[in-house]
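Please read the structure below before turning to the comments.
The values are calculated or read from the model by the stated rules, or taken from the named source; none is laboratory data. Owing to the predicted nature of the structure, the values given are computational and were not obtained by experimental measurement. Quick note on the areas: whole protein, heavy atoms, side chains included, nothing else; ligands and nucleic acids left out. Shrake-Rupley method; radii C 1.70, N 1.55, O 1.52, S 1.80 Å.
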Amino acid sequence: MSFSSMSKQQVLDAGEGAGEEVMELIPGLPEEVAEKCLLHLPFLYHRLFRTVSSTWNRFLTDAPAKPPHLAPASAAAASAAAAVSVSFSLPFLFAFAFDPTSRRLQCQALDPFSRRWLLLPPVPGGAAAAGSFAVVGLPRRGEIYVIGGVEEGGGGAHADAARYMAAGEVGGRVVVAGEDGEAEVFDPEAGRWLPAAPRRGAAVARYDAAAAGGRLYVTEGWAWPFERAPRGAVYDAAADSWREMARGMREGWTGSCAVAGGRMYIVAEYGEWRLKRYDEAADEWRMVEGGGVPPEVRRPHVVAGEVGEVAGGRRRIYVVGAGLDVAVGTVSAVAKAATAAAAGVVEEEVVEWEVVKGPAEFAGLAPCNAQVLYA
């Protein structure tokens, strides 16, 4: 039954609000359609929207939301995970950043449509060093997991940031992998950690990681003096197994990776910070047309992408720089001749950038992670 499809008598019998007549959410619209419209109201303005009418107030107040919870630590990995649950119906960009003055981890949320920032509660354990955390978002659940190493039998954050090689969302679960090859999976439905297949071989120092298509990709990147090619590993959740990363992927992975609309993109660390997309069939990173990240966005930077496609089959990527200046990249397909399409030519793409300046009070913040969440 929809929220406001109850009869007047049902409301009278409900106790609370006895005698109150149910008004249509949006006059003239079927209630199911009206409910979907209200579910897309920006979260930042819910307090204002609740003043429209008692019906709007009741709907927005009683809309189901998942309670926040704490993910229990496993004995093997001695991991601590804090889950933050929010109820949004549109994509919000969450930026984790460190204040060099207070040495505390902060989290700010940007509404890409209104360009307004929302200050969130302090992150548990936020006084620890930047590298001691891995951050994983479960976009469709509206949850963020902040994971940090802790000493066996202790409650303090582990000082060694190298304990974690990578963490990411794979198949609705949180996969955590260490440099030593150990790996675990957190099941948010069951609220517990489960063992995962260990990665074999020598220790790998994390350079970058990304989760896409049911897999977690981890690369150690190129290192001076570039005497050997970088190593990389891929965890397949369905098979619960690791394999070596394809050569073209690991050798061309020269930047920070964001997954948008199911595709993997990197913002190159060198030159103009151009955008590249991974072509799995050809095992190569292809340059995306359009300019690089605008120079107003400065290092250090982190990247994130929207899980789904936006209007017209486009994809959206966010690059968060120092002071939380944000470059919003919209990627779309380049029109090509019918003959090229018939010949099976790989789709070319172009990116257009827009910059959202961070507030003056964010000037000293250094971003360390970014996630995009939905309701």
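Could you work out how much longer the chain between Glu309 and Arg243 gets when fully extended? Use 0.36 nm per residue separation minus the Cα distance between them, nm to one decimal. Can you show the working numbers first?
On the way: separation 66, 0.36 × 66 = 23.76 nm, distance 2.90 nm.
That works out to 20.9 nm of additional length.
Name the long-range amide H neighbours of Glu348: under 5 Å, sequence gap of 5 or more, or other chain; modelled H, no Pro or chain starts.
Val334
Read phi for every residue in segment 23-33 and hand back ³J(HN,Hα) as whole Hz from Karplus 6.51 cos²θ - 1.76 cosθ + 1.60, θ = phi - 60°, with x for Gly and Pro.
9, 5, 4, 10, x, x, 9, x, 4, 5, 5
Rounded to the nearest whole Å², what accessible area per residue is found for segment 172-221 with the 1.4 Å probe? Walk me through the intermediate numbers first.
Working: 2070 Å² over 50 residues.
Spelled out: the 1.4 Å probe surface of segment 172-221, per residue, equals 41 Å².
Could you give me the ³J(HN,Hα) list for segment 173-179, computed from phi with Karplus coefficients 6.51, -1.76, 1.60 and θ = phi - 60°, whole Hz, x at Gly and Pro?
10, 9, 9, 10, 10, x, 4
If the chain between Trp222 and Ser53 were fully stretched, how many nm would it gain, using 0.36 nm times the residue separation less the Cα-Cα distance? List each step's numbers first, then the result.
Numbers: separation 169, 0.36 × 169 = 60.84 nm, distance 5.86 nm.
Gain on extension, Trp222 to Ser53, equals 55.0 nm.
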